[in-house]
Structures are given as structure tokens and as C-alpha cells.
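Let me begin by presenting the structure, written as C-alpha cells, before commenting on it.
The values are calculated or read from the model by the stated rules, or taken from the named source; none is laboratory data. Fair warning: this is a prediction, and the values are worked out from it, not measured in the lab. Reconstructed Cβ throughout: ideal geometry from the backbone, glycine too, with neighbour counts over all protein chains shown. Accessible surface is based on the protein model in full, side chains and every heavy atom, while ligands, DNA and RNA are left aside. Shrake-Rupley method; radii C 1.70, N 1.55, O 1.52, S 1.80 Å.
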Amino acid sequence: MTATLNRRPGTPGRPGTPGAANATARAIVLPLCAILLLVLAGLAIAASPAVTAGDLAVIQAIETARTPLLDAVALTDSVVFAPVGALVIVAAVSAFAWFGLRRPGAAFAFAALALLPWLGSTVVKDIVRRPRPLSAALPHHVLTDTGFSFPSGHTSFAVALGLALLIVFGRGRLRRPLLAFAVVVPLLTAFSRVYLGVHNPSDVLASLVYATAAVLLVLALLRRFAPAPVAAAVAVRASRTGGS
């Protein structure tokens, strides 16, 4: 099969050109700016009693819709996307990519895309230092958690996991189910964290934005600076012409 790149010399997509350098710079700077803006927004939210009161009212309203089934789903999600569960998931997928698919570059790329944004969320938490919702104001809350609240680490990992799977393995018949996973699972996790009373709605909304920007940042860095096998695993696939 003959492959041809549908690009002209000197266009932004061609490596080594000024256009390519500018595109790379934008791919790094834009998500980095989004993350910095989100940190500033987090500091403002943490200092706002009005936002905290609004968040608490939403959690209290959600508490009235509690059911045993929702309790079970939310608690299961909490365990699966907790730190131990997250590490097990990443290790299992990376091992399968390395030893099963014999794609070590894909294994490394997946682990970086899934783990680095999640770890970065802990840094943002330590900067913003927003307390979790008050348990005393939530008499029917399902779970008690410790640490800071903004952003949600569970939600950040769910976003990073879904996007990492889609970026690295989302080819052919896997694309649609992985796309659905990347949309549904983070939203379910975001809802479950509020439902359990361990995060504010603004925490999980911020997590969706933060983790998406962080994945895009890691993706741009991998494409620009990672060794060839890793960069190839996350490279933009060129359009192809010709027959096989």
C-alpha cells in the first residue's frame, strides 16, 4: 500500500518548518495557560463563601435522590478510581500493551497520559487548598474523605484514563467504544464524587477541564520530546491514498 502525506512543503504539519515549530508551541502553551487559569479560578472559588454555599445546596439536593443502587454504583466507582485502583488499571493496560501487543512505546505513552495529569491534580490541590464539603451539613452523605477538594483526583484520573485509551488505542473498531468510555466514565465519576458528598460540583467541573488540558499538554510534550517509539504511538495519523 502506498501512503502519501496530503501536505505541501512548508505547511505547518511538516517537521522542521517554522509552521511546525509554531504549532508545537501552541500545543504546549495553550493547555498550560488553561491549567494556570484554572488554578487562579480555584483560588477564587476557595475564597468565595457564595460559591461554597451554592455547591452545598446542590449536594444537599442530590442527597434527596439517594437510592441503594446509586450508592452501590458510586461506591464502586470510588474504589475503582482510587489511587490503588488507578495504579492497577494503568499497570495492567501498560503490561498488556508491552507484552501482549508488543508495543512498548504505546505502553509508555499510555502510562504517561493516564498518570501525569492525575499526579498533577494533587499539585493543584496543594496550591488551592480548598476544604472538602462539611460533613456536618450533609447528614446523609455516603462517604467521608480526607485531603483537599479542588480538583477531584478521581475525576481527573477518569478523564485522563479515557483520553489515554482513546489516543493510544482508539483505532479501527475500538474507536467508538473507547470514545464512549472517554465521555461516559468521567461524567459518571464526576457525579459520583458529588453524590457521595466528598466533592463540590465546582470541584468536579474543574477536574473535567483541568484533566483535559493536562492530557493535551502531556500529549504535545510526548509528540515533541519523547523517543521515536513513544512519539509514534501518539502521532497524528496522516491521511492515506492508494490501494493495498
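Annotations for the structure displayed:
- Estimated at the nearest 10 Å², the accessible area of residue 212 is 60 Å² with a 1.4 Å probe.
- Shape of region 121-223, Cα gyration tensor, a/c cut at 1.5: oblate
- Taking label positions 7 Å along the Cα-Cβ direction at both residue 82 and residue 29, the computed distance is 4.4 nm, reported to one decimal.
- Calculated FRET efficiency for the pair residue 232/residue 129, C-beta based, R₀ 35 Å, to 0.05: 0.30
- Computed with a 1.4 Å probe over protein heavy atoms only, the accessible surface of region 94-206 comes to 45 Å² per residue.
- Fully extended contour minus Cα-Cα distance, from residue 61 to residue 37, at 0.36 nm per residue: 5.7 nm
- For the set 204, 123, solvent exposure ranked by accessible area (probe 1.4 Å, protein chains only) runs largest to smallest as 123, 204.
- Dividing the Cα radius of gyration of region 42-149 by its Kirkwood radius returns 1.09 for Rg/Rh.
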